[in-house]
Amino acid sequence: MFHVEHLERAIEYAGLELDEKQRAQLDSYRDWLIFEAVPAGGIGPNEVDRVETRHIADSLLFAGFLEDAEEVWDLGSGVGLPGIPLAIALPHTRFVLVDRSGRRADLARRAIRILGLENTIVRQAAIEDLQGEVGAIVARASLPPEAMAPIVQRLLRSDGIAVVGGSWTEAPLIEGWEIIEVPRLVLDRPVWILMMRKP
């Protein structure tokens, strides 16, 4: 079972309303991460005790900034973080999970099949090689924000939004990004989210 207080606080912070099916999908994804992704090397073995709070609840925080995005690209998604929790929470939004690793891409595809997510696809590609435009981008600790900024500016449509998270122990001071501090009481630890809009 989830650390219910963390999950509920993240859901509330993001302004989400999840039904029983969505909660069951999050539960299944948590189990998949622990029992399949960790043994396969998709995330580190030290993350097992933190899958719910550090990875799933943390990923859901992004939803509060995506507004009514029709399509979201998750850059450097790995085994689907934050893209898969967001795809569960936002079933009417299309998600494209992007990762350069064939192994991680295959793992993410398997998770999508297991969860029955019809709004999500995986694309194996290097972030730097992506072409096209999209209205929203998310990423968690895939590239330093300084390196992510020009990629985001190139890929976002006008008035598009990028939301980026990382494992910072103190507030990041990074030019070009709006820094949003998530109240400590949400996940019982400091969390900062970086946001950028393209004019």
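The values are calculated or read from the model by the stated rules, or taken from the named source; none is laboratory data. This structure is a prediction, so every number in the text was calculated from the model and none was measured. No Cβ is skipped: glycine too gets one built from the backbone with ideal geometry, and neighbour counts run over all protein chains shown.
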*Which condition number in (1) among the hydrophobic types (A, V, I, L, M, F, W, C); (2) surrounded by fewer than 16 Cβ atoms within 10 Å (Cβ to Cβ); (3) assigned to a loop (DSSP other than H, G, I, E, B) is the one that Ile43 fails?*
(2)
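Does Leu75 fit the bill of being out of contact with any strand residue (DSSP E or B) (no Cβ under 9 Å at 6 or more places or on another chain), closer than 23 Å to Ile121 by Cβ, crowded, with 22+ Cβ neighbours inside 10 Å and of a type outside the set (Phe, Trp, Tyr)?
No: the conditions fail for Leu75.
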*asked:* Any residue in the stretch 138-152 that is more than 18 Å from Asp58 (Cβ to Cβ) sitting within a Cβ distance under 7 Å of a residue that is of a type outside the set (D, E, K, R)? List the pairs, counting only those 6 or more apart or interchain.
replied: Glu146/Ile174; Ala149/Gly176; Ala149/Met196; Ile151/Ile127; Val152/Ile137; Val152/Ala162; Val152/Met196
_Which numbered condition Asn46 fails, given (1) over 18 Å from Ala87 (Cα atoms); (2) in contact with a strand residue (DSSP E or B) (Cβ under 8 Å, 6 or more places away or on another chain)_ = (2)
*Sort out which residues of the stretch 133-157 are small (Gly, Ala, Ser), at pLDDT 95 or above and either touching a Lys or Arg at 6+ places or on another chain (Cβ under 7 Å) or in a loop (DSSP other than H, G, I, E, B) (or both), and write them in order of number.*
Gly135
_What's the total number of residues in the stretch 87-103 that are under 16 Å from Arg113 (Cα atoms) and either part of a helix (DSSP H, G or I) or touching a residue at least 60 places away in the same chain (Cβ under 8 Å) (or both)?_
4
*Identify all residues within the stretch 17-58 that are under 17 Å from the mean Cα position of the chain (by Cα), closer than 21 Å to Pro190 by Cα and not small (Gly, Ala, Ser); write none if there are none.*
Glu47, Arg50, Val51, Glu52, Thr53, Arg54, His55, Ile56, Asp58
*Give the residue, chosen from Glu36, Glu52, that is of a type outside the set (Gly, Ala, Ser), buried (at least 18 other Cβ atoms within 10 Å of the Cβ) and over 24 Å from Leu156 (Cβ atoms).*
Glu52
_For the stretch 120-159, give me the residue count where each residue is closer than 26 Å to Ile88 by Cβ, among the polar types (S, T, N, Q) and surrounded by fewer than 17 Cβ atoms within 10 Å (Cβ to Cβ)._
1
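In this structure, does Ser77 turn out to be small (Gly, Ala, Ser), closer than 20 Å to Ile137 by Cβ, under 15 Å from the mean Cα position of the chain (by Cα) and part of a loop (DSSP other than H, G, I, E, B)?
yes
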_Return the residues of the stretch 176-185 that are touching a residue at least 24 places away in the same chain (Cβ under 8 Å) and either acidic (Asp, Glu) or buried (at least 19 other Cβ atoms within 10 Å of the Cβ) (or both); say none if nothing qualifies._
Trp177, Val182
